[in-house]
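Below: one structure, written as C-alpha cells.
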Amino acid sequence: MSVEAYSLITLEDYKSWAEIGSAELEADALSIYCSSGDATNATVGKAGNTLTLVITGGLDASSNAIDLTGGTPVVVTGITNGICTTAETEGLKVGDLVVFTGDVSVNGNTYEITALTNDTSFTIDDLTVNPGAVTATTCILGCTTLSELVAFINVNSGWVANLEGWASAPSTDLKNMAATHCLGADDIQTLIFYDNYILEKLIDRASSAIESYLRRNIKTRAYVNERYDGGSNSIFLKNYPVTAVIQVCEGVEDVIRVRCDSTTARNAYVEVDAVAQTVKMMRDGTTDATHDLKTITTMTALATAMNAVSGWTASLINPLHALWLTADLFTHLSRFCLQEDTEIQVPCEPMSGLEIDMETGEIELSSQASAGFLNVFVSYTAGYVTIPYDLVGWCCEFVAYMDNLREHDETLKSEKALDYSWTAADIEKALSPENMKGLKKYQRPLI
C-alpha cells in the first residue's frame, strides 16, 4: 500500500521531514507457529515479497511460498451454482477473491471463497444472482493485507496464525527475516511489519483537506471534458497552472441513438460514465449490460454491442461517426429511453482562436460562448509536476499535527483519526499564522 497517486507528499517526504527511521515504525504484525503434532521441524521466513512456510516430516510436510503481492490472476472454469471443482489444481484457498465473468448480471462483482470440500471444490459466498450462468472466474489470491494473509495461513494444514497489527495494512510491509524455527505453541514467532499504514492515510487526509481549502487540485493530472456554463467570452479553469489545453468545445453532437423496446418494464435508461469508462443499459434498476469503453473503442463497435442486447436497439446517427472514439464521450446519466429514443453524445467540434493564461488558468475565447448550462467542454492538463517546497512543508506540518492529536486525544484514536473530516479550522490550528498566509496565496479565487 502507498499514499494515493495525487497526494501532495510521499511517505518518504514525511519520514525525512519528521526524521523518522524505519526502526521507529516497527510493530507486531502477526504471530505464527506450526501445530502439526508429528512434524520434526518447521520454519517461517520472509524475503522480498515472499513469505515461506516449511514443515519437515509428518503428514503435513510441505513448503509454501506465499506471494504477498496477490499473485498472478488465474482463470477457473467449471463453475455451477457457485461450486467449482478445480480448486486443487488452481491452489485456491478460503479467503481468496474471485471476480466473475460469463454472465452480465454478476460481471465484475467480487466474492470470497468461504468453504473448501476435500480440497477439490470451493463454495462462493453471497452468489445470489443467476449463479447457474456463471462459467468462469478470474481468481486473485487474497494475501495482500495482513488480515487476508492470516486467513490464508490458517487454512493451510498444520499452521496457526493470529493477527496483531492493522487488518488493512499491506502484507508487503512485513520485515524480512531469515527462516526461523517455529514448531509448536511454545516456539511461537511474531512477525514484524513497518507500520506505515497510519502515516499513509494521514498523508492522504492532509492532502485532501489542503486541496479542499485551496479549492483546486495541486498535483498535475489530465481533465477530460470538464464542463462550464456558457454566456461569456472567458473561462476560468478550476485547476491551474495549465500545462496543455487539448480542446475547448461548445455544444454537443449526437452520435448513437438508443431505445429499449420492453413492454413490461416501467423504466429504462442508458448511462455513460466517462470516469469509469463504461456505458450501462438498465431497466427497472437492473443492469442489462455494461460496456467497457477501454476495450470498445469506436462508435461502431459500441453501437453493435448495444444493439446485441436483447430488448434494445442502437444505431449510429451518422456514418461519419463510425470511427469516432468512445473516449470522447462525456458523462451523462439516466437518459430515459423506454419506448422512445435517446442519444449518446460527444462535445461538438473544438473552438479555435483561444488565448490562454497558463499560470492562472484563464481562457479567452475568440467570441462569446452561447449562454447555457454546462454547455462548454474543456479538456486540459493542469497542476504542478513538482510540488512546491513550501506546500510540501505545510502538508508535513499538518500530518504531524494530526498524528500528534491522534496520540494524545483519547477521543480521536487511530480509527477515528482516519475517518475524521479534517477541515480548514484544523489546518489553521496546525499551521502558524505566517504559514497560513503563505498557503492562502495558492488558494483559487472565488469567481
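Based on the Cβ-Cβ distance of H181 and S208, what FRET efficiency does E = 1/(1 + (r/R0)^6) give at R0 = 35 Å, to the nearest 0.05?
Working: r = 46 Å, r/R0 = 1.31.
After rounding to 0.05, the efficiency reads 0.15.
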### Query
If the cut-off is 15 Å between C-alpha atoms, which aspartates and glutamates fall inside it for K15, apart from same-chain ones fewer than 8 positions away?
E24, E26, D195, E200, D204, E397, D403
### Task
Give me the distance in nm between label points sitting 7 Å out from Cα along the Cα-to-Cβ direction at L320 and L374, one decimal.
2.7
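Using 0.36 nm times the number of residues separating E359 and S157, minus their current alpha carbon distance, what extension gain do you get? Before the final figure, lay out each step's value.
Working: separation 202, 0.36 × 202 = 72.72 nm, distance 6.23 nm.
Once the chain is fully extended between E359 and S157, it gains 66.5 nm.
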### Message
Just want the ordering: H291, H181, from fewest to most Cβ atoms lying within 10 Å of their own Cβ.
### Response
H181, H291
### Query
In what sequence, highest mean first, do 156-162, 20-26 appear when ranked by Cβ atoms within 10 angstrom?
156-162, 20-26
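Write out the GluC sites (Glu not before Pro) in segment 346-447 meeting two conditions: DSSP loop, and at most 15 other Cβ atoms within 10 Å of their Cβ.
Details: sites: E355, E359, E362, E364, E397, E407, E410, E415, E428, E434; in loops: E359, E410.
Qualifying residues, ordered by number: E359, E410.
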#### Entry: Virtual spin-label span in nm between S367 and F236, 7 Å along Cα→Cβ
2.6
#### Entry: Computed label-point distance, nm, for sites L59 and A27 using a 7 Å Cα→Cβ extension
3.9
### Query
Do the alpha carbons of any pairs in K201/K429; K219/K437; K238/K429 sit beyond 23 Å of each other, and which pairs?
K238/K429
## Note on the structure
If the label point sits 7 Å along Cα→Cβ of K440, residues of segment 214-242 with amide N under 20 Å come out as 214-217
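Just so you know, all these numbers are worked out from the coordinates, no wet-lab data involved. Computed from a predicted model, the values in this text were never measured in an experiment. Because the Cβ atoms are built from the backbone with ideal geometry, glycine has one as well, and the counts that use them run over all protein chains shown.
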